[in-house]
1. Of everything in the range 213-227 that's at pLDDT 95 or above and assigned to a strand (DSSP E or B), which residue is farthest from ASN272 (Cα to Cα)?
2. Given the conditions (1) under 22 Å from THR224 (Cβ atoms); (2) in contact with a helix residue (DSSP H, G or I) (Cβ under 6 Å, 6 or more places away or on another chain), which single one is not true for ASN110?
3. Return the total of residues in the range 246-273 being assigned to a loop (DSSP other than H, G, I, E, B) and among the hydrophobic types (A, V, I, L, M, F, W, C).
4. Does the range 122-138 include one or more residues that are farther than 23 Å from TRP300 by Cβ, outside any loop (DSSP other than H, G, I, E, B) and touching a Cys at 6+ places or on another chain (Cβ under 6 Å)?
5. Checking the structure you have, find out if any residue of the range 291-301 is basic (Lys, Arg), touching a strand residue (DSSP E or B) at 6+ places or on another chain (Cβ under 9 Å) and surrounded by fewer than 24 Cβ atoms within 10 Å (Cβ to Cβ).
6. Might you let me know whether the range 253-274 holds any residue that is farther than 18 Å from ALA147 by Cα, modelled with pLDDT under 95 and not acidic (Asp, Glu)?
7. Working only within the range 231-251, note down all residues that are small (Gly, Ala, Ser), touching a residue at least 24 places away in the same chain (Cβ under 8 Å) and out of contact with any strand residue (DSSP E or B) (no Cβ under 8 Å at 6 or more places or on another chain).
8. Can you pull out every residue in the range 227-285 that is more than 25 Å from the chain's Cα centre (by Cα) and aromatic (Phe, Trp, Tyr)?
Amino acid sequence: MTVGVAVAALALIGTTALAVEWRNDDSGGTASAAATSPPVSSQAATTVPGKGVDTPSGASPNADGPQATANRPGASASGPAVPPAPASPAVPPNSAPLAGKTVVIDPGHNPGNARHTREIGRQVDAGGFDKNCDETGTQSNSGYTEAAFTLDVANRARQLLTGLGAKVVFTWDNDRPWGPCIDERARVGNEARADAVVSIHGDGAGPTAYGFHVIVPDAVIAGTADTRPIAAPSRALGDALVAAFAENTGTGPANYIGQDGIDVRDDLGGLNLSTVPKVFIECGNMRNAQDATRMSDPAWRQKAAQGIAFGIRDFLSKGS
């Protein structure tokens, strides 16, 4: 009988010891538990709209590490630890930097203009003088037309700008047989109260001329035209486009016109009649073999669209 009591006592003591050791391990309070607890990573991949690349957001400054493991919320020496809440996915700042902005894109010319020479040849106000309603545009030596180029780049730019949060309005969208006239193109931007307007073109200079340039309005006061209020912001828009276009396309400013990629003009009705910041961009010379090869390449046209969209973004993000 005495032997049986002793055995029972020893068994009870052993069970208590095991229970105490199990409790210490489960609470995370022992050195061995802290050393073997895997760190929790909060790193996430985010996509910056318009960039087209995935960018790691970087580890949170509060990500679990050796020190954080020992000080988890709810951990104590007398009870089980409460695991931290899962980290929220990182949201890139300014993921829609152009939210609330209106951008008008003007694809230069129209493939149908050549079949409607009488309509596009009628005279319209260009800001104190008259000009043709529109022109046919140029083309490469292989027959790739400026009108086809501008509409393609415009659609690519629209997709990028929409991804940046902008409301995008086209002056025309392959929805009419010819035109619109230059005065109507200006009116679309004015009536939209656009924050920026970009008219997309390809040039038709001599075969040795190459490179892109941006045309900005000079100060014009004539008839219904007064570009003085938009001259400075239009120049700022032009400068932003030059920088972004060069960076994204890998091409340089024109070697035959303007200065550092900027050409100031007072004879374009689309600029003279605008009441909002507006520029033209000549993306390259379609009569130059090297420029024409690039402009005929869909991959390069995507880069051109990026240069235009990101130039607009840079201009508008500065609060201009």
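The values are calculated or read from the model by the stated rules, or taken from the named source; none is laboratory data. Values in this document were obtained by computation on a predicted structure and should not be read as measured data. Neighbour counts run over all protein chains shown; Cβ positions are idealised from the backbone, glycine included. Side chains included, ligands, DNA and RNA excluded: accessible areas come from the protein's heavy atoms. Shrake-Rupley method; radii C 1.70, N 1.55, O 1.52, S 1.80 Å.
1. The extreme case among them is HIS213.
2. Exception for ASN110: condition (1).
3. First, pick out the residues of the range 246-273 that are assigned to a loop (DSSP other than H, G, I, E, B): 250-252, 254-258, 260-261, 266-268, 273.
Among the residues that remain, those that are also among the hydrophobic types (A, V, I, L, M, F, W, C) are: 254, 257, 268, 273.
Selection size over the range 246-273: 4.
4. Pass one, the range 122-138, residues farther than 23 Å from TRP300 by Cβ: 122-136.
Applying the additional criterion that residues be outside any loop (DSSP other than H, G, I, E, B) yields 123-125, 130-132.
So of that shortlist, the ones also touching a Cys at 6+ places or on another chain (Cβ under 6 Å) come out as 124.
Checked the range 122-138: at least one residue is farther than 23 Å from TRP300 by Cβ, outside any loop (DSSP other than H, G, I, E, B) and touching a Cys at 6+ places or on another chain (Cβ under 6 Å).
5. Looking only at the range 291-301, we keep the residues that are basic (Lys, Arg), and these are 294, 301.
Now narrow it down to the ones that are touching a strand residue (DSSP E or B) at 6+ places or on another chain (Cβ under 9 Å): 294, 301.
This time we only want the ones that are surrounded by fewer than 24 Cβ atoms within 10 Å (Cβ to Cβ), so: 294, 301.
Taking every residue of the range 291-301 in turn, at least one turns out to be basic (Lys, Arg), touching a strand residue (DSSP E or B) at 6+ places or on another chain (Cβ under 9 Å) and surrounded by fewer than 24 Cβ atoms within 10 Å (Cβ to Cβ).
6. no
7. Residues of the range 231-251 that are small (Gly, Ala, Ser), as a first pass: 231-232, 234, 236, 238, 240, 243-244, 246, 250.
From what's left, touching a residue at least 24 places away in the same chain (Cβ under 8 Å): 234, 236, 238, 240, 243-244, 246, 250.
Scanning the range 231-251 gives ALA236, ALA240, ALA243, ALA244, GLY250.
8. TYR256
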